[in-house]
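Below is one structure, written out as structure tokens; comments come after it.
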Amino acid sequence: MREKYEEYISKFKEKTPQDVQDKMKKAIDELEGSNEGKGLKVGEKAPGFTLPDATGKEVHLGSVLEKGPVIVTFYRGGWCPYCNMELRAYQELIQEIHSEGAELIAISPQTPDASLSTKEKNELAYYVLSDEGNKVANDYNLVYHLPPYLVEIYKEKGLDLEKANDSDSWTLPVSATYIIRQDGTIAYEYTKADYKDRVEPSEVVQKLKEI
């Protein structure tokens, strides 16, 4: 996944004006220096949740945990190329995850319709849930507000977050990945303000095996 990231970032830098790149970096730096999106830590209790999947069916974290440990990854949305690369990388490892008796849950603030598009586009065979309003992401201390100058850049690029998330709040979850034990405690976490900095899915699977 990281190799694909580096390739995409290289192309992005070639075609994106420097002032836009500078503003995007500024937004990440400001987020890192703020109190937003710090996430939960190892040993803490993972908040329970019930969220709809891409077809509208409700999924309960507690019910999934009854069967085994759960990997929970929060992503920004199907409009984010880094998210799509990450989701596809997890799909390549889903059989390995299941062989460990575990499940994978991917969560974004998208509506169920938008989540269904993401699931179908990437051919994902795991839970893809809609956290409209970022309620669960907020419970996990992952929500942050996009600064106005970044909102303008996104709008200029034709990104309609208000439609995708059915919200005018312009808030997103920080990209974060957790492994949750069957007793509900967090055994592993990776949380970064920089949406380009994500743990390699194969490393998460290795941690799952160790746990």
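Observations, loosely collected:
- Ratio Rg/Rh, restricted to the stretch 87-172 and using Cα atoms, in which Rh is the Kirkwood radius: 1.03
- Three-way shape call for the stretch 68-107 based on the alpha-carbon gyration tensor, with the a/c threshold at 1.5: oblate
- Length gained on full extension, SER117 to SER63: 16.9 nm, using 0.36 nm per residue less the C-alpha separation.
- Greater than 26 Å apart at Cα, pairs in LYS155/LYS196; LYS13/LYS155; LYS23/LYS45; LYS25/LYS209: LYS23/LYS45; LYS25/LYS209
- For LYS119, the aspartates and glutamates whose Cα falls under 12 Å of its own Cα, not counting residues fewer than eight places away in the same chain, are ASP53.
- Here the accessible area is traced with a 1.4 Å probe on the protein chains. For the chain, carbon and sulfur cover 46 percent of it.
- Furthest towards positive pole of dipole, THR50, LEU159, SER115, structure part the chain, Cβ charges: LEU159
- Intensity falloff of the chain expressed as log10 I(q)/I(0), Debye formula with alpha-carbon point scatterers, at q = 0.12, 0.16 Å⁻¹: -0.59, -1.09
- Cβ-based net charge around ASP131, under 13 Å, with every Lys or Arg adding one and every Asp or Glu removing one: -3
- For the stretch 59-100, trypsin sites (Lys or Arg not before Pro) meeting the loop criterion (DSSP other than H, G, I, E, B) and having at most 11 other Cβ atoms within 10 Å: LYS67.
- The amide H of GLN110, built 1.01 Å from its N in the peptide plane, has ASP131 as neighbours under 5 Å, considering only residues 5 or more places off or on other chains.
- Cα-based reach from LYS4 at 13 Å (exclusive), listing aspartates and glutamates while leaving out same-chain residues under 8 positions away: GLU86, ASP197, GLU200
- Accessible solvent surface per residue of the stretch 1-99, calculated while the other protein chains remain in place, 1.4 angstrom probe, Å²: 55
- The convex hull drawn around the Cα atoms of the stretch 1-117, when projected onto a plane and averaged over every direction, covers 9.4 nm².
- Dipole magnitude of the stretch 47-120, debye to nearest 20 (Cβ charges: Lys/Arg +1, Asp/Glu -1, about Cα centre): 160
- Under 5 Å from the amide H of TYR144 lie the amide H atoms of LEU172, VAL174, each residue being 5 or more positions distant or on a separate chain, with H modelled from the backbone and absent for Pro and chain starts.
- The chain - percent relative contact order, Cα under 8 Å, separation 6 or more: 29
- Computed FRET value (nearest 0.05) for GLN182 with GLN206, which takes r as the C-beta separation and R₀ as 25 Å: 0.85
- Centre-to-centre, using Cα atoms only, the stretch 1-71 and the stretch 80-128 are separated by 13 Å.
- Of all lysines in the structure, the ones whose alpha carbon falls short of 17 Å from that of LYS207, not counting any fewer than 8 places away in one chain, are LYS41.
- Every Cα-Cα pair in the stretch 1-58 was counted, and those over 13 Å apart are 77% of them.
The values are calculated or read from the model by the stated rules, or taken from the named source; none is laboratory data. Note that the coordinates shown come from a computational prediction; the quantities given were computed from them, not determined experimentally. Cβ coordinates were reconstructed from backbone atoms using ideal geometry, including for glycine residues, and neighbour counts include every protein chain displayed. Surface accessibility is based on the protein's heavy atoms, side chains included, excluding ligands, DNA and RNA. Shrake-Rupley method; radii C 1.70, N 1.55, O 1.52, S 1.80 Å.
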